[in-house]
Every structure is written in C-alpha cells, then in structure tokens.
Amino acid sequence: MDAHLPSHHQLLSQGPRLQLPPPSQRRELRELWGAKLEEVASALKVDPATMAAWEAGQCTADAAGTYAYLRLLNAFHDQLPTGHEPDWTVLRTPPTLPAAAAPTVPAQANPEHAAAKPVRRGASWTQDEKDYLRAAFLDGTAVPELAASLGRSEKSVRWTLYHLRLIPFPADDVPDPRPKAEKPKAYTVEDKRKTYPNAYAPWSGDDDQLLAERCAQGVPLEGLSREFGRNKGGIAARLKKINAVGPAADEAREYGGDDHSAAL
C-alpha cells in the first residue's frame, strides 16, 4: 500500500466529503421524482430563488445546507423506480402560455413595439399567467422577454414577481412624490391699485378723522370708496374699527366688512 494514502480509519475519522452531483443531474432527479422546485425549497427551508441557484450550480450552500440537499437528492435516487427513464426533452421545455392569456401581436411588430404597448395592460393576472411567469423566470427568462410574451409592462412583471416572492422589493418602480404646485394668487397689489389707488396702504390718523367726518356728513359707502380710493369692504371695516357714526357706518355693519380687509 502506498504510504501516502490514508488508511480506512483515517478516512472514517475525516467525515464525509460532501460532493453534490452536477447541476443537470440535480434537476433530473427532482423532476423524475415529480417535485416542484418550490417544494424542495420549502423542505430545505430556503426561498425558491436560492434553491434555483443551488440547483443550477450558481452558488453553494453552507456545509449543513449542502449535506441536507445531498441527502434529499440521494433519497430521490435510491427510491426511484428502476427501468424508467423520462423524456428529458419534454421535461425541459418551458411551459406554454395559456391560450386565453396569449397576446396578439402583429407579425410586423418588433419586440420593442410590443413592450411599449402591452396588450394586457391593466388586466388582472390569472393563475395560469402567474404559474407561467414563475416557471419561466426560474428557468432564466429575462424580465423584458417575460413582459413581451405576456403582453404586460416590465413594471407589472416586476411587481408580480415581487408578490410571488421571487425578487426583492422593486424600489426603482416607486415614483417620487410630486411637489404640490403653488396656487397662483388671484390678484396682485398692482392689479388692485389699478381700480383702488390706495389699496393696502396704511391708514393715517388724518385719514381716520376725515373718514369719520365724511361718514357723519352722510356720504354713503360707495361715495367713500371712490373718495378714499379703497374698496367698499376696506371702507366698511375701517368705519367699524373707528366706531364712525352715520349712514355709511350703518351700511358697513350690514355689509359685513372686517378688520382683515381694512387696508383695502
């Protein structure tokens, strides 16, 4: 015996060397057993996307996960009936889109045009479409191709994949909140002063005294508005503020002016 080779005692003490079968055999064993990828993922307590990566050989699990996966594959192999070989070509064919959900695209249309105008925009997703989407995505079909084949927008495909727990939250598809547009002012001071020259100008003590005198002399509210170059609401509010007496003051109380419009 070669001195460099370990004895059987040394081999046993090293523990099992975990070596999974090639990716193609992993899938063949699962499909021959009749198990869906999601069922295997649930049995191994991982999400379907991780399970798909394990099966395709795109990444490896830790030692515990690899051991559990290997035991499951060995169990599939040992318990399969002998003398039966499935039609692997049929099993590897992606599921066809149900006739009811198949998009109608003109022969001259190109994929970009079909993707730009989804024929099933806004329609509810059927269970057959979701099953097709799940299987095709796990089989490696890209989102643009899925959108074109289903007659959906890429955004709709991404959100449906998210709800099927196959991809992370599509944050890029969430629009930024739109800023509220400022409401334009109904008027400006300059516009008001074209009609009332003293609009928004502060009242002086002389102005208040003259206003009280003119009100006591019987000048009506309309006349005071023209004389002082302010609108009737501003005159009415000022008459009430200075406790003026006269017909215009009585009219002001009925007019409903308030202190907020006194500058007008």
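The lone criterion from (1) closer than 30 Å to T141 by Cβ; (2) modelled with pLDDT under 80 left unmet by H163 is number (2).
Among residues of segment 27-42 that are closer than 10 Å to E55 by Cβ, those with a Cβ under 8 angstrom from a residue that is in a helix (DSSP H, G or I) and of a type in the set (S, T, N, Q), sequence gap 6+ or separate chain, pair up as A41/T50. Among the residues of segment 202-228, those identified as over 17 Å from K240 (Cβ atoms) and either buried (at least 17 other Cβ atoms within 10 Å of the Cβ) or more than 60 Å from the chain's Cα centre (by Cα) (or both) are G205, D206, Q217, G218, G223, E227. When the criteria are applied in full, A68 fails the requirement of being closer than 26 Å to Q127 by Cβ and either modelled with pLDDT under 60 or touching a Leu at 6+ places or on another chain (Cβ under 6 Å) (or both).
The values are calculated or read from the model by the stated rules, or taken from the named source; none is laboratory data. Just so it is clear, the structure is predicted and the values come from calculations on it, not from any experiment. Virtual Cβ from ideal backbone geometry, glycine too; neighbours counted across all protein chains shown.
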